[in-house]
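First the structure, in the form of structure tokens, and then the observations on it.
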Amino acid sequence: MDRDLVCAHGKMVALVASVLQASGVTTTDEFARLLKVFADTVGETDAEQAEILTLWSETVAAMLLPQPKH
């Protein structure tokens with residue numbers, strides 16, 4: 001796996017998540033969660049693709065602002 005390429009694509013996926021949130025389609029949190037579910041599903045047949053999708057999900061989740069603790 002080309003780590004730099006995977007990371008660059010992950011940043012692009014994060015940009016798409018931001019645009020979808022700004023457009024009111026979904027939140028970046030929900031996008032990251034759904035991407036992780038998709039990664040888990042793909043992992044049933046292809047571990048390397050699942051690893052890439054998980055990294056992308058983590059990239060999207062990392063851009064989220066920390067939530068205040070109650």
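Listed values, structure above:
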| item | result |
| --- | --- |
| With every protein chain in place, the chain: carbon and sulfur % of accessible area (1.4 Å) | 61 |
| Where labels lie 7 Å past Cα in the beta-carbon direction, separation of His9 and Met63 in nm | 1.7 |
| Karplus-derived HN-Hα couplings along the range 52-61 (A = 6.51, B = -1.76, C = 1.60, θ = phi - 60°), whole Hz, x at Gly and Pro | 5, 4, 5, 4, 5, 4, 5, 5, 5, 4 |
| Principal axis dimensions, largest first and in whole angstrom, of the chain by Cα | 36, 24, 23 |
| Length gained when the stretch Asp29-Thr45 is fully extended (0.36 nm per residue, less Cα-Cα span) | 3.2 nm |
| For the chain, calculated [θ]222 nm from helices alone, where every DSSP H run of n ≥ 4 adds -39500 (n - 2.57) | -24500 deg cm²/dmol |
| Heavy-atom surface of the chain, accessible at 1.4 Å and reported per residue (Å²) | 72 |
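The values are calculated or read from the model by the stated rules, or taken from the named source; none is laboratory data. Remember, predicted model here, so these are calculated numbers, not experimental data. All Cβ positions, glycine included, derive from the backbone under ideal geometry; neighbour counts span all protein chains shown. Quick note on the areas: whole protein, heavy atoms, side chains included, nothing else; ligands and nucleic acids left out. Shrake-Rupley method; radii C 1.70, N 1.55, O 1.52, S 1.80 Å.
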